[in-house]
Each structure stands twice: as C-alpha cells, then as structure tokens.
1. Can VAL540 be described as of a type in the set (Val, Ile, Thr), farther than 20 Å from LEU469 by Cβ, within 26 Å of the chain's Cα centre (by Cα) and in a helix (DSSP H, G or I)?
2. Filter region 222-248 down to residues that are part of a helix (DSSP H, G or I) and not small (Gly, Ala, Ser), then give me how many there are.
3. So which of ILE614, ILE606 is part of a helix (DSSP H, G or I) and touching a helix residue (DSSP H, G or I) at 6+ places or on another chain (Cβ under 6 Å)?
4. Please report, ordered by residue number, the helices (runs of 4 or more DSSP H) entirely within region 457-536 with at least 2 residues that are closer than 20 Å to ILE548 by Cα and under 42 Å from the mean Cα position of the chain (by Cα).
5. I'm trying to understand the selection: among the residues of region 138-161, which are open to solvent by 10 Å² or more (accessible area, probe 1.4 Å), touching a Phe, Trp or Tyr at 6+ places or on another chain (Cβ under 9 Å) and in a strand (DSSP E or B)?
6. Of all residues in region 70-79, how many are open to solvent by less than 10 Å² (accessible area, probe 1.4 Å) and of a type outside the set (S, T, N, Q)?
7. List the helices (runs of 4 or more DSSP H) inside region 249-354, counting only whole elements, that have at least 3 residues being on the phi < 0 side of the Ramachandran plot and modelled with pLDDT under 90.
8. Of the residues that make up region 396-417, is at least one touching a residue at least 24 places away in the same chain (Cβ under 8 Å), surrounded by fewer than 23 Cβ atoms within 10 Å (Cβ to Cβ) and of a type in the set (Phe, Trp, Tyr)?
Amino acid sequence: MRSNIEINTDVVVVGAGHAGCEAALACARLGLDTTVFTVSVDSIALMPCNPNIGGSSKGHLVREIDALGGEMGKNIDATFLQSKMLNRSKGPAVHSLRAQADKSGYSSRMRRILEETEHLHVKQAEVAELLVEEGCITGIRTASGAYYHCKSVVLCTGTYLKARCIYGDISIYTGPNGLQAANHLTESLKALGIEIRRFKTGTPARMDGRTIDYSKMEEQFGDERVVPFSFTTDPESVQKEQVSCWLTYTNEKTHEVIRANLDRSPLYSGMIEGTGPRYCPSIEDKVVKFADKNRHQVFIEPEGLYTHEVYIGGMSSSLPEDVQLAMYHTVPGLENAEIVRNAYAIEYDCIDARQLLPTLEFKKIKGLFSGGQFNGSSGYEEAAAQGLAAGINAAMKVLGREGVIFGRSQSYIGVLIDDLVTKENREPYRMMTSRSEYRLLLRQDNADIRLTKLGHEIGLIDDERYEALLLKIRQIEEEQERIKTVTVGANPRTQEFLVKYGSTPLSNGSTLEELIRRPELDYDSTAEIDPERPELPAAVREQVNINIKYEGYITRQKKQVEHFRKLEEKRIPENLDYQEVHGLRREAQQKLEQYRPISVGQASRIAGVSPADISVLLIYMEHWGRTHRTNQV
C-alpha cells in the first residue's frame, strides 16, 4: 500500500557516513533543500574501524576537502586526541598529517554541524527504492513507504548494504558495530541495471584500556607543535595536551595460535565471499602471506577521552572469539587484556565504479550520483572526498550548471576518482601517494593554492576566505622575487653563519636564493643574514622555501602537466561510434565502447587501450570534427 506521505526536496543523500555528510553539506550550503537519510542518527560520521583521520596520502585528501569548502578537516581539528606529521624525514611531497580522533566527539560534532546547517534535514529511515522515469532519477521510497520526490540522489551507503558481520562460525546480518544493515535497496539497484559486487573489510578487537600493561610497550607521542588540517583553523587553537598511543608487536607464539586455527577462520573456510583490501590485511593474512616475518606491529590507540576502550590497530581478524582471546593474550602488554568488542570481518554490497562518469553520476541514470565505499573504495578520507565531489555535482545538476571534473594533475581527489571510474579494481581501493604521477605538485601544504579558487567558483568558499588566499599567493610571489635579488657577500658575518650550519663558506657574493637551495640551509635559517626580511606567516614562509628548493623539479613536472592537459581537453563526442574508427584494435574498440570515456586523456588510461590506439583515435577525431563542421555548414 502506498503511503500518503509525499515530500518534495531538491536532493536526497542516502547514508550519513563520511561521504554522506560531505555530500549533504555541499548541497545544502549551495542553497538546495537537502534530505540526508541514515539507518541511525547515532551513526552519523561514525568511525567503525580505526579512530583516526589522515595518514600517508589520506592527509592530502583531507586538506583538499578543506580547500574546497568541506568539513572533515575542521571536524578533526576540533576533536583530535593526538596529531603527528608523518614522513618528515622525506621530501614535502609525501609529508602527511595524521590525527587520532575522539571517536564519539568527532561523530557528535559532525551531527551538530548537519543539524545546524540551513536547508539540511536529517532523517532516520531506510531507503528501499530509487524512483526512475525515462532514465532520470525522480525520487526515493523509504522502507516505511514514504515518498521523497527530488532532482538528484547521492548514494553513500558505505558498508551497510546487505551487510554481514562474521567471526568464527558467527554470521550476523548487521552493519558495523552491530547497527542495522540496509537490506532493501540492493534489489532496486539491480532492477535498474546497476551491477552489484561484494567486498569485505575487517576491524580488530576493542579492549578495556585498564586491563592493558603499557609498561611493556613503546609510548608514541604526538608532535610538539601541532599543524592543523584546516587552512581556516587558528594554529594556536590546536596546541593542547595530547593523549599517547602505544606500540607493541606480535611474536611467534601469536603466529602459532593463528596457524593452528586457520581451519576455523571464515576467511580460509570459504564462509567469506567478498574480496578484502590488499593494503589492510587481517592478522591471519599477514601470518600466512608473510611467513618469513617473526613479528608484526600492533598499535594501541585510544578511542576517546571519556572511554577506556582502545583500538588494537594492526590485528584485524575474523577468527572465533576463543582464538581471538588466546591470540591477543600472547602480545606483550595484552596478556590479561579484556575484550570489549570482538574483531570481525564485514561483507557488503557495492558497485564497480566504472559504471560512473568522472562526475560520479551513473552513466545509465541521470541525476543519480554515488560516493564513498559504495564505489569500491576503502577509508574515511577516500569516502569523504568522493562524497564532496558527488554532492557538488548533484547540486550542479539541480542548479543547471556544468559538472565539476577533478583532474589528475589538479588533485589527489582527481587521481582517486579517475582510478575508480577508469580502472578495474578487484579489491577495495586505497589512496597512496605513489598513485599520483604529479605528487611533487599535489602536496598537502599547497592544497589551498590548488583548489580554493575552484571552491570559490563552485560557491563553497566565501569571499573573505578567497581574498585571504589571494593575499597569501601575492606574499609568496613577492617574497620569492625579493629573495632572488638579495645578495650576500663573503664577509665574516656570512662566513660565520655558513660554518654554524655546516655549509661551505663563500669565495664571492651569492644570492639568498642560491644559499637556500643548499641542503643544509632553508628559508627560515637564512633570516640571520637577511635583515630586510618582512614578517610573514608560517604558511607563506613554507611555500617560499619549497618553491625555491624544488624549483627545477617543479618546473619539469609543470611541463608534463601541460602535455597531459592537452589530452584531457580533447573531448570525445558522446555519439562517437568506435566501430567506425578503422585501425583501432578489436580490444580497444570493445574497451572504449564499454567505458565511453569523455576525453582522450581518460581513454589513454583504460587497460587494453595502447598508445597506438590513442594515435588512431586522435586522427579519426580530427577527421570526424572537420566532417561534422562541414555538415553543419
């Protein structure tokens, strides 16, 4: 029976995890009436796995989300327990910020942000059906029978679709942390011709911190000087007392317990059907696949200020409860630890993202967008980045504006989305710095310079923030030009300075720019011999230093980007018939027909399409364009 509840809204967002929150906020902040559905309002921005934000390459994503007007960076700045900049000993391209979160605090603050955002309505209900007419989305139906009519829908279902939690021979059809699964929507998706696949992820046990012996572990401290994620956060506001994490290791006894019980692991018995993430394996996987290693790292991470619960990082598992207890008790410091929540694996329905356009809109259904783990990715940061992109484009659709495509040379968000929609991912996709060809340009420190202008054009960055960015850029450019003209002589003061830093004395004059390029010197240190230097913010000084030190590499990479952009700008006509492109190999024709890439650049990244095929395509497109123009005349 059809419900008599029928509501009109502009955008519906299905799911309120990290992707759904960013999608809903983007749409509402752009002035659209937005309704976000969640199976439980208590699970908004939930961290069902590791209680942290950022890390290698993921920190880049959070900075980019912030630069575009997203919320994740601000939220973690307000709720972190410990913060650390990773890879400091390496170059700036791989520096990545990582913060331990207060799990409940992070979720509570994000929920409050959603509730207080104008045009945004939070609704606890399960979405059961998508309403589509003539290939266009028209709304959704909830499991209780209510109808919401809208112009765009964003699917951010995370790990909830037909979710099944498994450990040992226990199999429960629930979402993460025992929350309600979403069991109805899959059939509606299948009926619309959307292909569904099954992926798996896992999480370790949570333990009572009072039962852990930390004296047997190595204490892990946060940075003395905390760097915020958000470009809008006052750095002084995040300087606070931090909570310690701890490091311990598995040993041969641990591995013996695991090996003796592999036959009871659902991962090896065939009970688990979904494909798991290669870069975040369970402890069973580690012991089997890395049999030569006699120990593995285990990180003990607090879950919040107001709980004794701690996360046992590095030991996710789906082994039976008794085996888990025996296994954990072999680890130094955990001999008497009590489990609060058992480790488990979770299977869920998701899609092959090759069904999506680079805007994250479904190719088959106009107005239907998708973001987050539902797209076959893993991680809170990857989810939030896709949610923001999908939300922006859902809003653009409703507003009648052109969709926003994030380029690979422009952002890690662009790399993430491009990899998802053009490559076959047989396992949950994880972002890594090595996936970016232009990582020297796509640093976390310059995310605002790269993306805030775009955020302003979209409408998510206000004029005040944009003007502050323009001032920062002017200060960087002016200071770089000044440094080039400042000459220091081979005088006693300069020589004393160089000796102090272990640098070769001068035989004649030198510019400050030349001195800063020396490995042992930097922009800040040369202030001693630069009395006319203006007072500049730390963020400006950082950019000046990096731009000077890596100028040659940056210039070379910018030239590569220019060549790349030419291919990206060559758009392929939507109605191009690849069967008519003589000279294309049969495999290339099939792959191009299957993917329907929007540009030559995207076509070049499809497996099975060779450089020779791209050359043939370019020649055909030139001929096609001339013929098309002639016919129009």
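The values are calculated or read from the model by the stated rules, or taken from the named source; none is laboratory data. As the structure is a prediction and not an experimental result, all values here were calculated from the model. A quick note on method: Cβ atoms are made from the backbone with ideal geometry, for glycine too, and the neighbour counts reach across all protein chains shown. All accessible areas refer to the heavy atoms of the entire protein, side chains included, with ligands and DNA or RNA removed. Shrake-Rupley method; radii C 1.70, N 1.55, O 1.52, S 1.80 Å.
1. Details: of a type in the set (Val, Ile, Thr): yes; farther than 20 Å from LEU469 by Cβ: no; within 26 Å of the chain's Cα centre (by Cα): yes; in a helix (DSSP H, G or I): yes.
Here the answer is no, as VAL540 does not meet what is asked.
2. Restricting attention to region 222-248, the residues satisfying the condition of being part of a helix (DSSP H, G or I) are 235-238.
Now narrow it down to the ones that are not small (Gly, Ala, Ser): 235-236, 238.
Total meeting the criteria: 3.
3. ILE614
4. Values: elements: 463-485, 492-500, 512-516.
Correct list: 463-485, 512-516.
5. Selection gives ARG141, TYR148.
6. Of the residues in that region, 5 qualify.
7. Values: elements: 252-260, 266-269, 283-289, 321-328.
Here the list reads 266-269.
8. no
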